Every structure is written in C-alpha cells, then in structure tokens.
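Here's the structure, in structure tokens; my notes come after.
The values are calculated or read from the model by the stated rules, or taken from the named source; none is laboratory data. From a predicted model like this one, the values you see are computed outputs, not experimental measurements. So basically every Cβ, Gly included, is an ideal-geometry build from the backbone, and we count neighbours across all protein chains shown. Remember, those area values only see protein heavy atoms, side chains included, never the ligands or the DNA or RNA. Shrake-Rupley method; radii C 1.70, N 1.55, O 1.52, S 1.80 Å.
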Amino acid sequence: MDFISIAKQRYSVRKYTGKKVEPEKLEKILEAAHVAPTAANRQPVRLIAVQSEEALAKIGNAADIYGAPLAVIICADHNRAWTRPYDKKQTVDIDASILTDHMMLQATELGLGSVWICYFKSDVLKKEFSLPDNLEPVNILAIGYADEEPASPDRHDEMRIPISQLVSYDTL
C-alpha cells in the first residue's frame, strides 16, 4: 500500500475488540518509532508499551483508552531535548509527535486501529508509572483491533479544507 492510501485509511478508533496485538506487530510499530527523525538526532523520547491488565488499569486512572489491549505512552525527555538557541524552544513535543505519527501509520498498515490521546491526567500518569521529573507524558497511543466500522478513506474530501486554503506559495 502506498503512503497516501495508508494515511487516508487511518482513523481514530474508539472501540476495540479484546484481541491482543501480536508481538511481531508490536515490534514493527516500535521499530517505526525507532526510525522516526528527531531534532538534531537527540532522540529525546521514551516509550512505555503497556499491555498487562495491571498496567492498562494504571492508564485507566489517567485516561480513557477505549478498551484497547495495547497503549504506548509517549514521553518527552527534557534532559535530552534539542533547544532552539534563538528563543529557547525545546522540540520535544514535535519529536514525540513525529514518533507517534510513525507508530500510528505503521499500525494502520498492519491492520490495526489506533487513537492519539492527549486528553489525560498527566500528574496521575507520572505517579502511576513513577516517571522521573525529566520525563513528561506528551500523549498516549491506544492500539488494537477495531470493533467498529472503519471511516471512509474518502472522508477527507469533505472534512478537510481545500488544499488551496491550506497552502499559499511564497506569501501568506
């Protein structure tokens, strides 16, 4: 499948079957994160792959993962982050987002559904997983087999603004 087809096929899954994600599929998803680019190759992201009932319950204290059998907590490592010298902006959110997107698209190619979760209690997640101060949970990627009808790959034609409104050339 080509990239645009995978990107159009991906949608936010909010209902999962109980089927576990196979270890070989999880490995491919994590490999997709591993090869994702980061600013200055600092790799300031740490992942927690959560599969056990106990660990999934810990996430449940901080967020709704919609019954997914697998969740990856994407954490920014502020000690490793690249900082833009002009305004001191750290790029950890950008780096974490790139890794998340790579994993999400790899999951889609493997026939899995996912949803990117930013609505969670960060303080609860930090406590439940004993995260040190330098690690900030940025998002959670819930992954599993969808138990709902897939969204139409053609939905972008109706749901997105036209490219002409998205892009300008040489000036805004």
- Message: With +1 assigned to the C-beta of every Lys and Arg and -1 to the C-beta of every Asp and Glu, and no other charges, what is the dipole magnitude of region 29-129 about the Cα centre in debye, to the nearest 20?
- Response: 460
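Which order do the peptides 81-91, 9-19, 151-161 come out in when sorted by mean C-beta neighbours inside 10 angstrom, highest first? Could you put the intermediate results ahead of the total?
Numbers: 81-91: 12.8, 9-19: 16.3, 151-161: 10.8.
Most protected by this proxy first, the peptides run 9-19, 81-91, 151-161.
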- Taking 0.36 nm per residue of separation and subtracting the Cα-Cα distance, what length does fully extending Arg160 through Phe3 add? 54.7 nm
- Note on the structure: The equivalent-ellipsoid semi-axes of region 40-133, taken as the square roots of five times the Cα gyration tensor eigenvalues and listed largest first in whole Å, are 25, 18, 10
- Report relative contact order for region 91-170 in percent, whole number only (criteria: Cα-Cα under 8 Å, sequence separation at least 6). 30
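State the percentage of accessible surface on the chain attributable to carbon and sulfur atoms; use a 1.4 Å probe and exclude ligands, DNA and RNA.
52
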- Can you give me the span-like helices of the chain, meaning DSSP H runs with 15 Å or more of Cα extent along the axis and Kyte-Doolittle mean at or above -1.0? 23-34, 92-109
- Once the in-chain neighbours fewer than 8 apart are removed, the lysines whose Cα is under 21 Å from Lys8 read Lys25, Lys28
- Query: What is the extension gain from Asp93 to Tyr119, computed as 0.36 nm multiplied by their sequence separation minus the C-alpha to C-alpha distance, in nm to one decimal?
  - Reply: 7.9 nm
- Out of the DSSP beta bridges found with both residues in the chain, what percent are antiparallel (nearest 5)? 95
- How large is the charge dipole for the chain, taken about the Cα centre, if only the Cβ atoms of Lys, Arg (+1) and Asp, Glu (-1) carry charge, to the nearest 20 debye? 380
- What are the radius of gyration and Dmax of the chain, computed over its Cα atoms and given in Å? 17.1, 53
